[in-house]
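The values are calculated or read from the model by the stated rules, or taken from the named source; none is laboratory data. Being a predicted model, the structure only gives us computed values, none of them experimental. Cβ placement follows ideal geometry from the backbone for every residue including glycine, while neighbour counts extend to all protein chains displayed. The accessibility values were calculated without ligands, DNA or RNA, using every heavy atom of the protein model including side chains. Shrake-Rupley method; radii C 1.70, N 1.55, O 1.52, S 1.80 Å.
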Amino acid sequence: MPREAEPSLNEKQFIVQALGEKLRLDGREFDQYRPLELTFGDQYGVANVTLGKTRVLAKVSAEVTVPYVDRPLDGVFTIATELGPMASPAFEVGRPTETEVLLARLLEKTVRRSGALDTESLCLVAGQKCWSVRVDVHVLAHDGNLIDASCFAVVAALRHFRKPDTSIASGQLTVYTPAEREPVPLSWLHSPFCVTWSFFGDDGETALLDATWAEEQVRVSSCTVSLNRHGEICQIAKLGGVPVEAVALLQCTAVALTKAKEFSTFLDGKLAEDAKRRNKGGFMAELSSENDR
């Protein structure tokens, strides 16, 4: 399996020494994110997220299928991640790395298991037909903090998505095209976001938010907190590394709540802008023959 070129010993020492002097290579504060950008595609359910030089694309699709036997009243909801050579030379198609497996598990816990999407609303005919909603996450560029960027992209794409409207008459299911009926949004309960901290130093006494790829190579531990704007924690993942003091973890969680509120406000604004851009004035405006001159 190809390996990505690691920072040299001098580069690692430089980063650690700079952090010891309360400095980051890009001049950010320790609790500051890189510039976050979000754009939606022409189709519903396509979100392109850029966090610094990290770029993630999420696309939502839906189809009618048969529900699981043990959950006949629920729809199907899956998240699939893809890290290819375009994101980093260390990734290969069809050979998932540890990074890809951990990313998929964290997204699964944060979005699916937290009940953010109401899967019961995806049921069409109990035990026979339901909607299967799938989110494909494509990492286009990897410069650190894939978890936060991917989670934001998944939540944004799901909230932006519209599925075809349906009706049932005499046991017959009818799926309408967008021209026949306006597509309907998913039943969304809350918006969880991931906030990842990286710890540096012999005892992990220095905590950084939104570490770049170079900073991730020298960290001694990391912790991902998933929560929504109401302070409801979905999961806390600390995968190995040096132990972190409980007080430090509480401080990180308090800052994570502030960041989750900022993410939620930012996403609401972008969704409102996109809805305004798509609203051409209703059906009467579509029938009009006037052109922009």
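Region 6-36 and region 40-108 have Cα centres spaced 30 Å apart. For region 24-276, with all protein chains in place and a probe radius of 1.4 Å, 51% of the accessible heavy-atom surface sits on carbon or sulfur.
A simple spin-label model places the labels of His190 and Glu262 2.2 nm from each other, with each point 7 Å out along Cα-to-Cβ. Among Pro35, Pro85, Pro72, the residue with the largest mean-square fluctuation in a Gaussian network model of the chain, with springs joining Cα atoms closer than 10 Å, is Pro35. Between the beta carbons of Leu250 and Asp203, assuming R0 = 25 Å, the FRET efficiency works out to 0.90 to the nearest 0.05. Distance between the modelled labels on Ser8 and Tyr176, one decimal in nanometres: 6.5 nm (7 Å Cα→Cβ projection).
For the pair Ser121 and Ala169, label points projected 7 Å from Cα toward Cβ lie 2.5 nm apart.
Which one, (i) 34, 24, 16; (ii) 46, 21, 17; (iii) 39, 22, 18, gives semi-axes √(5λ) of the Cα gyration tensor in Å as derived from the coordinates shown? Evaluating semi-axes √(5λ) of the Cα gyration tensor in Å on these atoms matches (iii).
With all protein chains kept in place, the per residue accessible area of region 146-292 amounts to 52 square angstrom at a probe of 1.4 angstrom. Phi-derived couplings, Karplus 6.51 cos²θ - 1.76 cosθ + 1.60 at θ = phi - 60°, listed residue by residue for region 27-35: x, 7, 6, 5, 10, 10, 7, 6, x Hz, with x used for Gly and Pro. If the segment from Thr78 to Leu239 were pulled out straight at 0.36 nm per residue, it would be longer than the present Cα-Cα gap by 55.7 nm.
Remark on Phe193: its backbone amide H falls under 5 Å from those of Leu227, Asn228, a criterion applied only to residues 5 or more positions apart or on other chains, H modelled at 1.01 Å from N. Each peptide among 146-152, 114-120, 163-169 gets the average number of other Cβ atoms lying within 10 Å of its residues, and from highest to lowest they stand as 146-152, 114-120, 163-169. Each of Ala157, Thr224, Tyr176 was scored by the projection of its Cα onto the charge dipole of region 139-293, and the greatest displacement toward the positive side belongs to Tyr176; charges sit on the C-beta of Lys, Arg, Asp and Glu. Per-residue 3J(HN,Hα) values for region 150-160, derived from phi via the Karplus relation 6.51 cos²θ - 1.76 cosθ + 1.60 with θ = phi - 60°, read 5, 4, 4, 5, 5, 5, 5, 5, 5, 6, 7 Hz in sequence order (x marks Gly and Pro). Between 0 and 90 degrees, the angle of helix 9-20 with respect to the longest Cα principal axis of the chain falls at about 90 degrees. Given the options Gln235, Gln251, Gln172, state which has the largest fluctuation in a GNM of the chain using a 10 Å cut-off (strictly under) for Cα springs. Of Gln235, Gln251, Gln172, the most mobile in the Gaussian network model is Gln172.
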